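What follows is a set of notes on a single structure, which appears directly below.
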Amino acid sequence: MVVLRAKSSAKFLPDEVWELSIKVPELGLADLLVRMFTRWAVEAGQRLPRELVVEVRGWANSLDDALGKFPMVARPLVTMAGFVANVQVDEPEVHLAFDSTPMRSERGFVETYLPDESGVVGQGRVIHVPSLVAACLALRTMPRDGARLSRALRHYELALRRWYLGGEWLALNHLWIAAETLTKAVIRNAMATRRVSEQELAHEFGVVTDDPDRPRWKEILQARVREALVFNGDNNAYKTTKDASDGLEHGMWDLDKVATHANQVIDATFGHIRRTIVDLLAVPEDTATRLLATTPLDVQSLRKVIRGRLIGTAADPAPEGEMYPRLHWTTGIESAIDGRAVEMNHREQMTLLVHPDIGFQLDRIEVHGRPVDGQAPINLTDDGLVVSMTPASPALQLRRATALLIEESLANGLLPDRSIGHRFAFTLYGQAVAFFHSISKLIDFGHPIEALPVLRALVTLSARFKEMADPTGPGLGIAVRLALDSVDQHHPDVSLERQQEVLAAAAGFDLKVPEASTDPRSSTIYQRLRMEMLLADLTSVGAVQTAGMHLFDGHPTFRVQQPSGPLTDLVSSAAAIAALNVLRNAATVLEWPLDTDKLVALLDRAHSANEAAAQSDLSSSG
């Protein structure tokens, strides 16, 4: 079996699978079973359409043979799906291939890393399966010119991929190539329909076929048929498309001129090429009517634009750690409605990232894209869009400022090539930075509760670095003891002789390694953040108390992600406190330069934010 996936704006409905059995004798393939469907993922409680999936199952000489031939069967079907829906479908790529023979004890297996599609669901169209079946059957059973029509369909597909504002000239070029590709098929179809020879057809179009001074009458016939039948006598669309293509191909025109001409006729040319393909397919009348009524859908040009005003006085409206004032803008799915169409209702969440003295007044949100029938920009604020505008919390600003200070320390700090203790301490500092960033990521994705156990680990390292920086304590010997403890716990097979070598190396640098590590729970920072540490202990054992914090407003529904609130502020500020203390003491131990004034100021802000959050109702986060 070979499985292909493609990013596609043509969608099958949920649980809708198109299956067909096919033989491809020209590839030596018989009795293939092909299945095509859309992967619908459950995200945030909603079923959302993602990639187009094509499975091809059948007999092949080898897995490599299947990898070479099965995609050749799948790709034309994907092209036709895009044509039927008249919307962009990307190139399908092989995702998986494996030997699906039953009861095999050993099977070949290949997987290409293709990340699952995620994020906002864009515009799209539902594939009308009866039309897809009729079009594929018509193409497969064409008495002549099937390969030529397939080539034209590929160029139509490429035109759809370039159907976005500013890409019209590229789309038009592919449509002109499709027109040229279709011309001979149209000629042969006209000959069969009218029961005439090629010369007789030429005479009908006023082409002289027996003039020795003009022996290239077939090329003249092709041009006249292209204008009269492919472009349906639309001289303006025909001539403008041809001129734009020639100007692009031969480099005679500036691209701006090509684009200007393309914009004038692109809609008409799309329609002429589509009608010609449908006519050649000779599908049933009801299918043809549906296909011709489906216009190309531009799914790439949609842009949401927010308009408003920054209010307040500041020398620089940007917040600390940011180059510009901006909105951190995320779009979530409020609802997905399944029917013969797929409708996505979005919830817009915007976090204001500006100077503390600056506010923002939202005026409206507009949607800009390809105009349809002269439609004006849509004002989403008046169109039922759910918009939530919140200022960036002090805790979020603290995390960003802390991350910036950490980056500066990593840029300026080097690993001291002095002792084994320095090396172990540097490794622990790197782990602390990783803990801080993982906490930030979990909070950004709405998981402050799940960040608590990581916070506890960060607080523990903060306590260790405090001990290392204490001039009356064992100093870097603590880093060596922590390394030895880790070996004892996780690598008991390491010989006592190796541990003695580490101790000897430490002694060579006059490092005093304590017999045992102290309990971090007795440290000042652990006690200062005792509420967070208690919550971390409860989370680690899956306690009902912290699991219950996912329930909001008395509703029994379990919400995996939590919105911003006091709990987020509590964990964010605690992470900043722990990370800043690690940085301050690591800079002392590793002898790094540090802007102490900036660090102290950030710590003061972090403690203030933490105290405010601790006094709030943590259950109000939802």
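Among the criteria (1) within 20 Å of the chain's Cα centre (by Cα); (2) at pLDDT 95 or above; (3) open to solvent by 90 Å² or more (accessible area, probe 1.4 Å), the one residue 112 does not fulfil is (3). Checking the structure you have, find out if any residue of region 242-254 is of a type in the set (A, V, I, L, M, F, W, C), modelled with pLDDT of 95 or more and either within 30 Å of residue 133 (Cα to Cα) or open to solvent by 70 Å² or more (accessible area, probe 1.4 Å) (or both). Looking through region 242-254, none of the residues is of a type in the set (A, V, I, L, M, F, W, C), modelled with pLDDT of 95 or more and either within 30 Å of residue 133 (Cα to Cα) or open to solvent by 70 Å² or more (accessible area, probe 1.4 Å) (or both).
Cβ-Cβ distance below 6 Å, separation of 6 or more or different chains: which pairs start in region 226-242 with a residue that is within 16 Å of residue 261 (Cβ to Cβ) and end on one that is acidic (Asp, Glu)? Note: pairs meeting the criteria are 238/227.
Yes or no, residue by residue, for (1) modelled with pLDDT of 90 or more; (2) surrounded by 18 or more Cβ atoms within 10 Å (Cβ to Cβ):
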residue	(1), (2)
270	yes, yes
274	yes, yes
290	yes, no
298	yes, yes
306	no, yes
311	yes, no
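Taken over region 433-454, the criterion of being in contact (Cβ under 8 Å) with a residue 24 or more places away in the chain and assigned to a helix (DSSP H, G or I) is satisfied by 433, 435, 436, 437, 439, 440, 443, 452, 453. Considering region 483-534, the residues that are in a helix (DSSP H, G or I), surrounded by 13 or more Cβ atoms within 10 Å (Cβ to Cβ) and small (Gly, Ala, Ser) include one that is modelled with the highest pLDDT, namely 483.
Against the conditions (1) open to solvent by 30 Å² or more (accessible area, probe 1.4 Å); (2) modelled with pLDDT under 90; (3) hydrophobic (A, V, I, L, M, F, W, C), residue 442 satisfies every one except (2). Of all the residues in region 445-464, those that are closer than 13 Å to residue 570 by Cα and open to solvent by less than 10 Å² (accessible area, probe 1.4 Å) number 5. What are the residues in region 296-323 that are among the polar types (S, T, N, Q) and under 20 Å from the mean Cα position of the chain (by Cα), if any? If the condition is that a residue be among the polar types (S, T, N, Q) and under 20 Å from the mean Cα position of the chain (by Cα), then 300, 301 are the ones that fit.
Somewhere in region 396-412, is a residue buried (at least 17 other Cβ atoms within 10 Å of the Cβ), at pLDDT below 95 and closer than 30 Å to residue 513 by Cβ? Within region 396-412 (the criterion being buried (at least 17 other Cβ atoms within 10 Å of the Cβ), at pLDDT below 95 and closer than 30 Å to residue 513 by Cβ), the answer is yes, since at least one residue qualifies. On inspection, residue 24 qualifies as under 25 Å from residue 101 (Cβ atoms), of a type outside the set (D, E, K, R) and in contact (Cβ under 8 Å) with a residue 40 or more places away in the chain. Return the residues of region 255-268 that are open to solvent by 10 Å² or more (accessible area, probe 1.4 Å) and over 17 Å from residue 296 (Cβ atoms); say none if nothing qualifies. 255, 256, 257, 259, 260, 261, listed by residue number. Scanning region 210-230 for residues that are among the acidic types (Asp, Glu) and more than 20 Å from residue 155 (Cβ to Cβ), we see that the one that is least open to solvent (accessible area, probe 1.4 Å) is 211.
Of the residues making up region 438-488, those that are in contact with a helix residue (DSSP H, G or I) (Cβ under 6 Å, 6 or more places away or on another chain) and of a type in the set (Ser, Thr, Tyr) are 438, 440, 460, 462.
Of all residues in region 578-592, those that are basic (Lys, Arg) have Cβ atoms under 9 Å from Cβ atoms of residues that are crowded, with 22+ Cβ neighbours inside 10 Å, 6 or more apart or on another chain, in 584/465. Taking residue 104, is it out of contact with any Cys (no Cβ under 6 Å at 6 or more places or on another chain) and surrounded by 14 or more Cβ atoms within 10 Å (Cβ to Cβ)? No, not satisfied. Residue selection: residue 165 satisfies the criterion of being among the hydrophobic types (A, V, I, L, M, F, W, C) and over 12 Å from residue 277 (Cα atoms).
Of the numbered conditions (1) closer than 30 Å to residue 561 by Cβ; (2) open to solvent by 40 Å² or more (accessible area, probe 1.4 Å); (3) touching an Asp or Glu at 6+ places or on another chain (Cβ under 8 Å); (4) of a type in the set (Gly, Ala, Ser), residue 6 fails exactly one; give the number of that condition. It is condition (2) that residue 6 fails. Summed over region 72-93, residues that are open to solvent by 30 Å² or more (accessible area, probe 1.4 Å) and among the aliphatic types (A, V, I, L, M) total 1.
The values are calculated or read from the model by the stated rules, or taken from the named source; none is laboratory data. Treat the numbers as computed from the prediction; the structure is a model and nothing was measured. Note that each Cβ is placed from the backbone with ideal geometry, even for glycine, and that neighbours are counted across all protein chains shown. Ligands, DNA and RNA are stripped out before the accessible areas are found, and what is left, the full protein with its side chains, is counted by its heavy atoms. Shrake-Rupley method; radii C 1.70, N 1.55, O 1.52, S 1.80 Å.
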